[in-house]
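Undergrad: My structure is below; once you've seen it, I'll send some questions.
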Amino acid sequence: MTLTRSLKEAIDRGGFYPDLVHHTVTDALDGREASHQIVHVDTHFDMEEVHRHITVLALAEDVVVVAHLDDHDAEDDPGFSHDDGGRAGPGEVVARISTEVVPVPRMGSVILSEVHRRPQSFRPDRGLAEVTLTMNWSGGARIDTMPADCGNPECMADHGDTGNVSPEDITLRIASTAEGDTAVDEAREFVRALRRAQVRAAR
């Protein structure tokens with residue numbers, strides 16, 4: 001199956017500040033044309049507030065552009081102020097978007113987990129229930145620290161800190177019931193294309 005939906009169409013369908021997201025991702029592509037993409041929007045409910053987050057993965061030639069955007073009340077952002085120095089008004093929103101351009105040769109593992117309906121009667125043409133994509137490229141890392149101890153519960157000495165360094169993988173779960181069959185198929189096509197690009201880069 002070949003998907004023909006463009007990057008702009010996919011971002012427009014996501015519906016989360018599409019002009020801003022498309023402009024930022026296109027700028028990061030730096031003249032390249034995306035051949036495959038995943039656009040994933042998460043929505044979370046916190047008491048009376050709704051929070052959304054969008055992740056865009058765009059494969060273009062020899063790079064993958066990774067973009068994240070979320071929004072929040074301007075009053076909760078201490079670094080935000082108007083050009084005239086005034087304070088943010090009630091209900092005013094700011095959006096933060098970050099991008100990373102990852103060369104395909106830097107990509108590490110690309111894992112695709114598939115959930116099949118009625119596996120006892122599997123057919124290749126049947127749509128998947130959901131897919132989960134995990135990607136790692138050894139970019140940023142999360143450091144979790146905690147006080148070290150010697151194992152003696154009565155010891156009061158300072159043993160410094162210990163911790164773990166974990167690569168900041170991207171994990172996206174895309175379900176047909178939430179995002180639709182097209183989004184699931186798009187994710188599978190993205191993974192296939194990225195794996196082909198990885199093989200070419202390794203030659």
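Undergrad: Evaluate the distance, in nm, between pseudo-label points positioned 7 Å from the Cα of Glu154 and of Arg196 along their respective Cα→Cβ axes.
TA: 6.9 nm
Undergrad: Report the net charge of residues surrounding Ser176, where surrounding means a beta-carbon distance below 10 angstrom and charges are Lys +1, Arg +1, Asp -1, Glu -1. Show your work: numbers first, answer last.
TA: Working: positive: Arg117; negative: Glu130, Glu179, Asp181, Asp185.
Charge balance near Ser176 sits at -3.
Any read-out appearing in this document is the output of simple, stated calculations on the displayed coordinates, not a laboratory observation. Just so we're clear, the structure is a prediction, and the values are computed from it rather than from any experiment. Heads up, the Cβs are rebuilt from the backbone with ideal geometry, glycines too, and the neighbour counts pull from every protein chain shown.
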